[in-house]
Amino acid sequence: MREGSPWRHLDPTVVLAALALATLGLLAIYSSTFAGLRAQGLPEASVMRRQLLSLGLGLVVMVAAMVVDYRRLQAWAGVVLGAVVVALGLVLTPLGSATNGAQSWFELGPWQVQPSEYAKVGAIVTLAAVLGARREAPGPRRLAAGLAAIALVCAEILLQPDFGTFLVFVAILFGVLLVSGVQLRWLLVLALVGVLGTVGMFKLNVLREYQKERLTAFIDPGADDGGRGFTYNSRQALIAIGSGGVGGKGYLRGTQTNLQYVPEQKTDFIFTVIGEELGFAGAMALLALLGLLLWRGLRIAAVARDPFGALLAAGVVAMLAFQAFVNIGMTVGIMPITGIPLPFVSYGGSSLVATFLAVGLLENVHMRRHL
Amino acid sequence: MHPPSALRPRLLALSVLVALLLVALSSRLWYLQVLAGERYGDLAEGNRVRQVVVEAPRGRILDASGRVVVGNRAAWAVTVKPSLLGDRRREVLGRLARLLGTTRARLEARIADYTGSPLRGIPVAEDVPTGQLFHLTEHADRFPGVAPEVLALREYPAGPAAAHVLGYVGEISPEELKDRRFRGYAPGDIVGKAGVELTYDKWLRGRDGVQDLEVNAAGEVVRALGGRPPAPGRDLQLTLDLNLQVSVERALADGMRAARRLPDRERGGTYPAPAATAVVLDPGDGALLALASLPQYDPRRFVGGISRRDFARYADHPGKPLLHRAVQSAYPPGSTWKPFSALAGLEAGVITPASTYHCPGSFTVGSYTKRDWTPRGHGAVGLTDSLRLSCDVYYYNLGAQLGVAEQAQEARGGKAAEQLQATARRFGFGQRPAIDLPYGAEGTVPTREWRRRFWEQSRKTYCAGSSDLYRELCRGGWRWQGGDNLNLAIGQGDLQVSPLQLAVGYGALANGGTSYRPHVGRAVLDPASGRVVRGVAPRVAGVAEVPAGALAAVGQGLASVPAAGTAAPAFAGFPLHRFPVAGKTGTADLPPQAPFAWFASYAPVGDPKFVVVVMVEQGGHGGESAAPVARAIYQKLFGLPVTPVAGGADRSG
């Protein structure tokens, strides 16, 4: 690498923290799936191996996202938004497939692609480009343009409907707006609209019944959920994590995990594996890695050479922080159950690849902070 | 180039926000895992481990020769939990009825009849073919609340024989749970309700085991974790001989049938003979070889929980089939009582083996005339003949003489000796026998004190009555009168004994005064090895002190009864020279009912091995209705061909 090469300014902490989190994820996915796979006579590591493949792809995507100067992305923001809108539109057509009541997947042979995961990164890029176009804080026009772009994407997400992902977009918007220097009253208005919107969606039956039930189950855990088991989910997750105690039951020795008491464990409830088998110590290690990564992300936002870079980094931080908080929060019973994956850790190719894409962008901003 | 410094505070705000989120998660995790970790650990363990109660098989009941009288079998049953049927009750039960080849109404009737725990499924069909069970499991969604279940059922290879001795089992009742006897039992437990099932319950019942299973979220068993295996109940061997028992029951049934053909001259028609009972006892150790009571119930009806309707049918039946008459009922013994009166007279010295009374057809004391059973009378009668011919007047004289002496004692301000009663008590009468069967009757040996206490209890009724008799009883009902001694001497009046007590008393007569505790249990066996865990050793219940020679004199009289006395017609053709039988007929009056026919006996004289007591309720005279049954029982006991029981011709008392 020659003198002045951006690669010299790579922040290794970010990459290492991301890799460490992904490794924890691989271990947890193996633990949560091996017993079930063995019972079905399948190779015990097959699910974990798929995630490993996704991780490989994610690393490639991350490196690719570091190669080209991020500033050139600013000009392509419209294309990015267009691609996102088209992909999210296509997934609503019969080309897409549904799971858990949400029309959110493309089946591509053995691979499933969830465009909404990439759309999160796309939204960050678009928002950062629009709101960070000038040095000064964005005025009403740029604000309106950014909101319009996000509103379009959110509408498509809600048509799936995927309430959890919608909330991630709101969080990204909030993070980027906050850091963009927009007047605080706009933020307050936005927050108010958000609250009213949520209540409105609840009242106007935009949400599917099961999504409402999840939220009601959180508000009133004793309520009869008609055997759908959202309270069951949440209860079993609590038991898994709580029973881990300080030091955990030992890797592959979690009874809640091995006996499959926690539904959706390898995806949304992956944190319960770590909580049960590695205990408070393991959970703290995971939070520390996350904290480290987020701290570096915030630092990158602070040292970015331009507002676009700073907002890009802030958006990534907002996305990761919100997803991690909501995901872990629901497993420990302080947040309602929404289908938001734990970044780096949850099983799922699209989520993992998109997250590494975001890390690549973060690094890109850091690498070119002096150029 | 850095972003405008204006952005710095905003970034700081975002940082603080992110930090707050992480702190919130950390503190929640601290609470869950560090502070409440133990509680959640217990919950996880409760998830993982499921305890299944493994029912211990109940012990079997064997007869003296080891034949299984009560066994166990596993039966596939279909059970229904009505609470799970909900609004699909009609539909599901209709479908189930079609599958089982019955009607919905019948299934509803089984459910309505069920008396057991509401926690259990109600068995609606037993011994269901496997094909139907498979259909049920395969289409479980179409049969909510319906499940195949293995029931451990009592099995009776010998049918209803000895039903009263065996008893039956049922679910423990709330009252029983409070009883000390059932301490340590849990609701839903199956316990003995009658017979040896009740008295030997703690041996017969095993100890249920517990199996810890590791189950996954789907409720599938992943592996067995251990636990405590069930300890099967012990087997109980009875002293009863099943062959003999069956013969005795048959002889009793024949005897009842024969009695029903005999004309009842006083009341007209024939004797109703609705019930009968027999006791066969080994006087040498108190072992009961047969114990029969008719009518009896079918213990098979109690298997798996008796239905309300069946139980009501038994409970309301006029023949009281649930009553174990041999043990639980007491009756006036009639003339079978005379040996004990004779012993009392011999001891008091009012008679000697050689002394005689003139025996006309009636006996008058004061204004009071008692009739002998035959108006012709017997002439001069000694002890032996008094028993052989069952002369009432002999015993009236005896009773009257004792009464005179007692009045003299009282007149002197002393206490009446009450010799008749004292002798009776020495032979175990008036006391609850220490038998290993429940609810043994105490019987009544009336004394002056008993009379007074009874009068105090009933005075209100007497004095409220308007009839002459009641008015007299109100005034003087407390007083022991001359007539009381006469009644007592011939086994009438207020005297009541259970057939079992009479058998024990005759056992003592046969055995030189020594009686043993009667028992039906011989040994508790380990079911696996057959080893005796606890033997029931013969225990002396009492030794009746009687003057030397008195027992021999009475025995001589009793031996003459089947040979040449009131039981001679019944024993006609019986090889008494090889198997000498000593016994006494009895005809107890309980107006307005027809007389109760008794025969109490032992054999062989000299080396008594068996006591046989037979009683036919309202069967007429002892010689005609009870003695023939006893003869048939002796034929069986001595290995002789059993001749049919037919009503005898003897009409004595």
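Please treat every number below as a calculation from the coordinates, not as lab data. What you are looking at is a predicted structure, and each value in this text was computed from that prediction instead of being measured. A quick note on method: Cβ atoms are made from the backbone with ideal geometry, for glycine too, and the neighbour counts reach across all protein chains shown.
In what sequence do B:Val605, A:Val359 fall when counting other Cβ within 10 Å, fewest first? Intermediate values should be presented prior to the final figure.
Numbers: B:Val605 20, A:Val359 29.
If I rank by nearby Cβ atoms, fewest first, I get B:Val605, A:Val359.
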Q: Using the Karplus curve 6.51 cos²θ - 1.76 cosθ + 1.60 with θ = phi - 60°, work out ³J(HN,Hα) for each residue of the range A:336-350 in order, rounded to whole Hz, and write x for Gly and Pro.
A: x, 7, 10, x, 9, x, 8, x, 6, 9, 4, 6, x, x, 4
Q | A:Ala304 long-range amide H proximity, modeled H, under 5 Å | A | none
Q.
Multiplying the sequence separation of B:Asp494 and B:Leu640 by 0.36 nm and subtracting their Cα-Cα distance, what value in nm do you get?
A. 48.7 nm
Q. Just going by the charge dipole of the protein assembly as shown, with Lys and Arg at +1 and Asp and Glu at -1 on Cβ, which of B:Ala44, A:Gln260, A:Gly4 is farthest out on the positive end?
A. A:Gly4
Q: Give a residue-ordered list of calculated ³J(HN,Hα) values for the range A:139-150 (Karplus: 6.51 cos²θ - 1.76 cosθ + 1.60, θ = phi - 60°; whole Hz; x for Gly, Pro).
A: x, x, 5, 5, 4, 4, 4, x, 5, 4, 4, 5
Q. Gap in Å between the Cα centre of the range A:137-156 and the Cα centre of the range B:577-648?
A. 113
Q: In nm, give the distance between the simple-model label positions of B:Arg471 and B:Ala548, each being 7 Å from the Cα along the Cα-to-Cβ direction.
A: 5.8
Q | Environment charge at B:Gly443 (Cβ cut-off 15 Å; Lys +1, Arg +1, Asp -1, Glu -1) | A | +2
Q: Sum up the charges of everything whose Cβ sits under 14 Å from the Cβ of B:Leu242, counting Lys and Arg as +1 and Asp and Glu as -1, but leave B:Leu242 out.
A: +2
Q: Would you pull out the residues with amide H under 5 Å of B:Leu590's amide H, same chain only if 5 or more places away, H placed 1.01 Å from N?
A: B:Phe596
**Q.** Simple spin-label estimate for B:Ala417 and A:Asp69 in nanometres, 7 Å along Cα-Cβ
**A.** 14.1
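Cα-Cα over 27 Å: which of B:Lys338/B:Lys415; B:Lys338/B:Lys609; B:Lys584/B:Lys636; B:Lys320/B:Lys609; B:Lys81/B:Lys193; A:Lys203/A:Lys266?
Working: B:Lys338/B:Lys415 24 Å; B:Lys338/B:Lys609 22 Å; B:Lys584/B:Lys636 20 Å; B:Lys320/B:Lys609 32 Å; B:Lys81/B:Lys193 25 Å; A:Lys203/A:Lys266 32 Å.
Listed pairs above 27 Å: B:Lys320/B:Lys609; A:Lys203/A:Lys266.
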**Q.** Under the Karplus curve 6.51 cos²θ - 1.76 cosθ + 1.60, θ = phi - 60°, whole-Hz ³J(HN,Hα) for the range A:31-38, x wherever Gly or Pro sits
**A.** 4, 7, 10, 5, 5, x, 5, 4
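Between exposed GluC sites (Glu not before Pro) in chain B, where DSSP calls loop and at most 11 other Cβ atoms lie within 10 Å, what's the longest gap? Walk me through the intermediate numbers first.
Values: sites that count: B:Glu266, B:Glu545.
Counting at most 11 other Cβ atoms within 10 Å as exposed, the longest clean stretch of chain B is B:267-544.
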Q. What's the FRET efficiency of A:Glu44 with B:Arg50 using the Cβ-Cβ distance as r and R₀ = 30 Å, to the nearest 0.05?
A. 0.70
Q: Apply 1/(1 + (r/R0)^6) to the Cβ-Cβ distance of B:Gln556 and B:Thr461, taking R0 = 51 Å, and write down the FRET efficiency to the nearest 0.05.
A: 0.65
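What's the local net charge at B:Ala231, with K and R +1, D and E -1, over the other residues with C-beta under 10 Å away?
Details: positive: B:Arg205, B:Arg207, B:Arg228, B:Arg234; negative: B:Asp208.
Residues near B:Ala231 contribute +3 overall.
Work out the length of the dipole vector of the protein assembly as shown about its Cα centre, built from +1 on the beta-carbon of each Lys and Arg and -1 on the beta-carbon of each Asp and Glu, and round it to the nearest 20 debye.
Values: 103 positive and 79 negative charges, 265 e Å.
It works out to roughly 1280 debye.
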**Q.** With Cα atoms, 0 to 90° folded angle of helix B:37-48 axis to chain B main axis
**A.** 60
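So if R0 is 51 Å, what FRET efficiency would A:Ala83 and B:Arg39 give, r being the distance between their Cβ atoms, rounded to the nearest 0.05? Don't skip to the end; give the middle numbers.
Numbers: r = 50 Å, r/R0 = 0.99.
So the FRET efficiency works out to roughly 0.50.
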(Q) Please list, by residue number, every one of the chymotrypsin sites (Phe, Trp or Tyr not before Pro) in the range A:23-116 that is coil in DSSP and has at most 15 other beta-carbon atoms within 10 Å. (A) A:Trp76
**Q.** Under 5 Å, built H, 5+ apart or other chain: amide partners of B:Glu155
**A.** B:Gly71, B:Asn72, B:Arg73
Q. For chain A, what does -39500 (n - 2.57) per DSSP helix run (n ≥ 4), summed and divided by total residues, give at 222 nm, in deg cm²/dmol to the nearest 500?
A. -23000 deg cm²/dmol
**Q.** Ranked B:Thr587, B:Thr423, B:Thr103, A:Thr231, criterion: other C-beta atoms within 10 Å, fewest first
**A.** B:Thr103, A:Thr231, B:Thr423, B:Thr587
